[in-house]
Structure formats: C-alpha cells, structure tokens
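Asks: Mind looking over this structure? Questions follow.
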Amino acid sequence: MYRIGEIAGLMNVSKRTIDYYTQIGLLTPARTDSNYRMYGEDSVKILELVEHYKTLKMPLEEIKSYIKMLHSENIIDKEKVERHCDQIAVLMEHLKEEIKFMEPILRELNKEEKEMLVNKLSLQGVTLAQTLLLLFG
C-alpha cells in the first residue's frame, strides 16, 4: 500500500494528479484509521493504463469508461463486446497512422537507437496486451 506521495513518486505524476483521479473516481484508495488514503497495486495498474491510453491521445472521460468497464462484473455482454471491438478498431486505425508516420523516421535509426525504441515500445505493448486480456480474457 502506498500513501499519496509514494504512489505519485512511483508513477512519476504529481500528488495533484492523484487527487484529481481520486476525485473523479478513477482511483479508489482505502482509508486508514487516521484517515490517510492508501493506494494499492490496483491503483498502480490503473495509473499505468491511464498513461498508456493518454499516449494514444484518448480523452480522460473515455479512459475512465474503459477502466470502469474493466472493474465491472466479469460478465461481458454482447453490447459491451461490440462496443469495445469498435473502440479497438479505432485504436488499430490510430496505430496504422502512427506506423505510416514513423516508418521513414525508423529507417534512419542506427541499431542502438532501434533497440532502445523497441524496449520502450515493448512496455507499452505489454500494457496494451494486458488491457486486451482483461477485456476478453
């Protein structure tokens, strides 16, 4: 469990951001007897997802709806599946556009720069894969 300053430091965001995410319902900390907010590993995962979706230029309200869906019942009805398939299709189109834009730049990178880029992308890819597993796993 983390206090607000600890989780903010761990996730490289401000305490104000943690406060805001808590106020809008993205994060739901536990309260101690002395009324301190304590954030668990679920909050870390949520913050990772928020950062990932922000890199895809998704609005915070849309991010919130994704995370709310992930925390809802494990039963995914047909409407939810169709809605999220549509959203995944939109994300895939964004990725295709990004790849087209990046392709000429990537050709200019040396071996070391390519390895560094792959390592950074791998972390984001893992987050995306985890999201998809949570949605359809």
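The values are calculated or read from the model by the stated rules, or taken from the named source; none is laboratory data. Values in this document were obtained by computation on a predicted structure and should not be read as measured data. Here Cβ is always computed from backbone atoms with ideal geometry, including for glycine, and neighbour counts include all displayed protein chains. Keep in mind that these areas ignore ligands, DNA and RNA; they rest on the heavy atoms of the full protein, side chains included. Shrake-Rupley method; radii C 1.70, N 1.55, O 1.52, S 1.80 Å.
Asks: Hey, among the residues in region 26-44 that are farther than 19 Å from Ser14 by Cβ and of a type in the set (Gly, Ala, Ser), which one's farthest from the chain's Cα centre (by Cα)?
Replies: Across region 26-44, the extreme among qualifying residues is Ser34.
Asks: Right, next: Could you pull out every one of the helices (runs of 4 or more DSSP H) wholly within region 1-57 that has 1 or more residues that are within 18 Å of Met69 (Cα to Cα) and either open to solvent by 100 Å² or more (accessible area, probe 1.4 Å) or modelled with pLDDT of 90 or more (or both)?
Replies: Working: elements: 4-11, 15-23, 41-55.
Here the list reads 15-23, 41-55.
Asks: Further question: Could you list all residues from region 74-93 that are modelled with pLDDT under 75, open to solvent by 70 Å² or more (accessible area, probe 1.4 Å) and either in contact with a strand residue (DSSP E or B) (Cβ under 9 Å, 6 or more places away or on another chain) or in a helix (DSSP H, G or I) (or both)?
Replies: Residues satisfying the conditions are Lys78, Glu79, Glu82, Arg83, Asp86.
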